[in-house]
Structures are given as structure tokens and as C-alpha cells.
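Take a look at the structure below.
The values are calculated or read from the model by the stated rules, or taken from the named source; none is laboratory data. Quick caveat, the model's predicted, so the values are computed rather than measured. Quick reminder, even Gly has a Cβ in these numbers, built from the backbone with ideal geometry, and neighbours come from all protein chains shown.
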Number of protein chains: 2
Amino acid sequence: MPHAFLSHDGRIRESWQRAFPDMVAGVLARVPSSATLIWALRPAGPRVNMAALAASLCRQAAGRPLVMLADEPDEEEALAALAGGASGYCNGHAAPSVLRQVALVIGNGGIWIGQGLMQRLLAATARGLATAPASADGRLLAWRQRLTAREQEAAVLLAQGASNKEIARRMEITERTVKAHVGAMLEKLGARDRLQLSLIINGLEKPL
Amino acid sequence: MPHAFLSHDGRIRESWQRAFPDMVAGVLARVPSSATLIWALRPAGPRVNMAALAASLCRQAAGRPLVMLADEPDEEEALAALAGGASGYCNGHAAPSVLRQVALVIGNGGIWIGQGLMQRLLAATARGLATAPASADGRLLAWRQRLTAREQEAAVLLAQGASNKEIARRMEITERTVKAHVGAMLEKLGARDRLQLSLIINGLEKPL
DNA sequence: AACGGCATTGGACTTCGGTACAGTGGGCAA
DNA sequence: TTGCCCACTGTACCGAAGTCCAATGCCGTT
């Protein structure tokens, strides 16, 4: 049962079942572990913190793609869903054929934010970002700014899975020096060990 | 100097410099380490392996976003660029204002594939994937299929940066059992240590 | 000249991760 | 019943990772 459809009250829709006969139903509070693709219907309330909801579900989904469904799609909400880690945002009343197409795209690593939404979205983001505080460059790269040049070199290798010994060989320094660099990085970025460091460097976690 | 523009021969264009007066030039073979955003012009040849080129540059860029530039944009090539890890794909003759907007979006974690291209692209992906071999679901999730239920639980926590002790506490088992699970995962997925394991689980590396 | 930041290294130490060799118990299929 | 897989645990060992207390040399600023 690869597809799980979650809603506030656990109720599902005919179109979902027609799209994926072997789907399972669930509630938003509990993400089933058996599903490989999670669909979550936005609760009907007027104001939902979509980013937080998507982030929460995404954390529980843990690697499995999440598609947020909304009955009244809105570009800002789509943005929030993607920001929260969702892989897709689509109309909750979409036809079964559309749902299957979404699953196809998402399943292959793609992103889905609906046909017409896409372009308006881009315009919206460009507008929104242009008026946003000037953090234009280097927001995602915060870790780089706090590290020295050599530390950055080591960081890149570390984030690719290299051991201290390998980093030492590739940077042509001793393992001892690598430990010094790694230690400095852990301190600067507030990480506990090299794995958390790799999450930060790979953009999966925020520094500090 | 946050912006680096790379081309086959190291030559740059006036529009690039007008967009970012403090840009630096470079060749495709060598990605400068000082830049925070990498722009790379597709070599003029008729057939370039865009996915491989983008992947290579992306690996060297190591976390810093990459934008592929093409003088004759093509939706399939855009797909390939994104598949290779690029954050954007845009016309090499784009106006400075457009380039700055692209940088704005990319710098904030967005994706840019050009205005009109976007929608055609989606249609193209859907079409292309529909006729592709039926690997629809579970391609990105290969690691899950090879692990048992408990191993998957441990995998998720591990990939979030938890230590063995923490995993043990959260799964309500002993640290010894966690080590057993982790050991089994390393074996099954061909990883050397938990960091490489996390790269696989987080979709940054391929199993085996 | 004095100072601070950076890169580099050494030695010694503690902790953690990973493995080898065991063992128990439950479920499921031949 | 006899396997086989899975979950779970124990003891013990080794190497990698990370920390602490140093030291040297380079470079740029004050």
C-alpha cells in the first residue's frame, strides 16, 4: 500500500480511492509508516500554518515524499507547503488521473505545484523576495560564511562522507590537523558530531 | 565576489558583468571556491551531456547553488540540468535584471527554470515519465525496501543526527540492539559508517 | 613591535561507533 | 518438527572521532 491519504477526520474521497485502489486512510496526527507517498488534506479552517503543518508531516514522513492537498489552492500556501518540505501541492478535488500523474512525477523525484499555479507562483516569489530583507545571497550558505577557507574545504569532503584520514590525504595535511578543523567547525556551527555537521552542510539542518 | 561565471573558454559577457559588477570569470573545468553562486554556460556543441555536466559542476560547487546557462534553452536540457543537481536553468543572453532576479530566487533556496519553460516542462516531464519504465513509486526509497520495519525506524532517527544512545531511548530498546540494527543497515546498503548511511537515507547518495 | 587570527602539528586522553562471538524467543513456511 | 528470519540483548575489543593542553610559523592590523 504505497499511498496514504491523511485528513483531519480520517475521511477519504472517492477520487482518491479511484486513483489508487490500494490506498490507506489516516488522520493528520499519525503518519503511517507503511506508505511510500503521503498525501495530506489541509484542514478546512480559514488560517492554517501550512509551513508548520507540512514540516511536521514531513518530519514524520522522514524521507518519503509528501503532497499537500488543498480544496482552495492558494499560491502563498503552496509556497509555504514547499518551504515546509512538501514535494507537492495540489487541489484536493483533483481527478484520479491527475493524482496518478502527480504521484508519477513526485515518485521520480519531481515537484508538483499544479499547472496554472506554477507561473503565478514564480512571479509571486520573485515579487515577495524582492521586497524581503536583503538576504539575497548566502542565506542557505550561512555555514560557509562562518568557516575559514581550509575549514570549508574540509567541510565539503566531510559532508560527502569522507573520514578524517581521507580528508587528510586529499587536503595533504595530517589527520591531526583535520581534527582541528573539524573541531573548529563543530564549535562554530553548534554541531555535536560530524553527522550533524554534514546535515548542516548539506542544507538539511540549520546551523546553531 | 559572490558570483562566478564559467564558460568553456573563460570568456564572459557584458550582460553578466552589468548584472554583477563584482563577478569573477572562470572555466568549466575549475569551479572557484570563493563564489557563493555558480553560473555555467553550456558549451556550444550540438550535444552536451547536460546532466553529467551539471552533476560534475554541482559536486565541485558542493552545496553552493549552480545555474546552468544555455543560449538555446531546451526543455529536455533543463530537465537534465535539474536532474544533475542544478538549481536553475536560464537563457545565457538573459538581461542583467533577469539574472539578478534569478540570483535572488536561487539565493533564497528557490528554483529557476525560466518563465515560459516552466509549464511546458511540467507537461514534458509528465509525458516522459508516463512512457518511462514503471518505476513510478519507490525509486527514491530504495533503501527502505531493503530494511526491516525496525531498521527503518532506526534509519530515520539516525539520518536526523541521533546518536545510538538517543535512538535507543526513543525506540525503547538497548543501545546494543541499536548497534545491531545499524550494523545490519550498513551491511545491506553497502555503507561504511553512519554518515554515509545518512547520505543514502537523505537521498544524497545511492545505495550500493 | 606587538597582537590576533589562521594553518599546522604533537601527545595524551575519553567517548563513541562498529564488529566479532554469542545467546534467547517469536513467527512463519516447508 | 525443523529450519529461517527477525527482534532483542550481553561482553568484549578495536579503531575512529572528538577534546584538552600545548607549540610553531605566517600574515595583516594596530
Inset, instruction - Tell me which of these residue A:86 doesn't satisfy, since it passes every other one: (1) assigned to a loop (DSSP other than H, G, I, E, B); (2) modelled with pLDDT under 75. - result: (2)
Inset, instruction - Mind listing whichever residues of the stretch B:141-160 are surrounded by fewer than 19 Cβ atoms within 10 Å (Cβ to Cβ), of a type in the set (S, T, N, Q) and either within 11 Å of another protein chain (Cβ to nearest Cβ) or within 10 Å of DNA strand C (Cβ to nearest atom) (or both)? - result: B:145
Inset, instruction - Any chance you could count how many residues in the stretch A:163-204 are of a type outside the set (Lys, Arg) and touching a residue at least 24 places away in the same chain (Cβ under 8 Å)? - result: 12
Legend entry - Filtered residue count, the stretch B:172-207, keeping only those that are away from every other protein chain (no Cβ under 14 Å), within 10 Å of DNA strand C (Cβ to nearest atom) and surrounded by fewer than 21 Cβ atoms within 10 Å (Cβ to Cβ): 8
Inset, instruction - Could you check, for the stretch A:40-48, whether at least one of its residues is at pLDDT 80 or above, closer than 22 Å to residue B:150 by Cα, assigned to a loop (DSSP other than H, G, I, E, B) and more than 14 Å from chain B (Cβ to nearest Cβ)? - result: no
Legend entry - Residue within the stretch B:97-115 that is modelled with pLDDT of 95 or more, surrounded by 20 or more Cβ atoms within 10 Å (Cβ to Cβ) and part of a loop (DSSP other than H, G, I, E, B) present: no
Legend entry - Selected residue (only one of B:86, B:61, B:81 is within 27 Å of residue A:159 (Cβ to Cβ) and within 12 Å of chain A (Cβ to nearest Cβ)): B:61
Inset, instruction - Give just the number: which of (1) under 22 Å from residue B:163 (Cβ atoms); (2) surrounded by 16 or more Cβ atoms within 10 Å (Cβ to Cβ); (3) more than 8 Å from DNA strand D (Cβ to nearest atom) does residue A:163 not satisfy? - result: (3)
Inset, instruction - Tell me, please, whether a residue that is within 16 Å of DNA strand C (Cβ to nearest atom) and either at the interface with another protein chain (Cβ under 7 Å from one of its Cβ atoms) or at pLDDT below 95 (or both) can be found in the stretch A:130-140. - result: no
Inset, instruction - Mind counting the residues in the stretch A:6-35 that are without any contact (Cβ under 8 Å) to a residue 40 or more places away in the chain and touching a Lys or Arg at 6+ places or on another chain (Cβ under 8 Å)? - result: 2
Inset, instruction - Could you list all residues from the stretch B:65-80 that are farther than 14 Å from residue B:45 by Cβ and either modelled with pLDDT of 85 or more or surrounded by fewer than 22 Cβ atoms within 10 Å (Cβ to Cβ) (or both)? - result: B:66, B:67, B:68, B:69, B:73, B:75, B:76, B:79, B:80
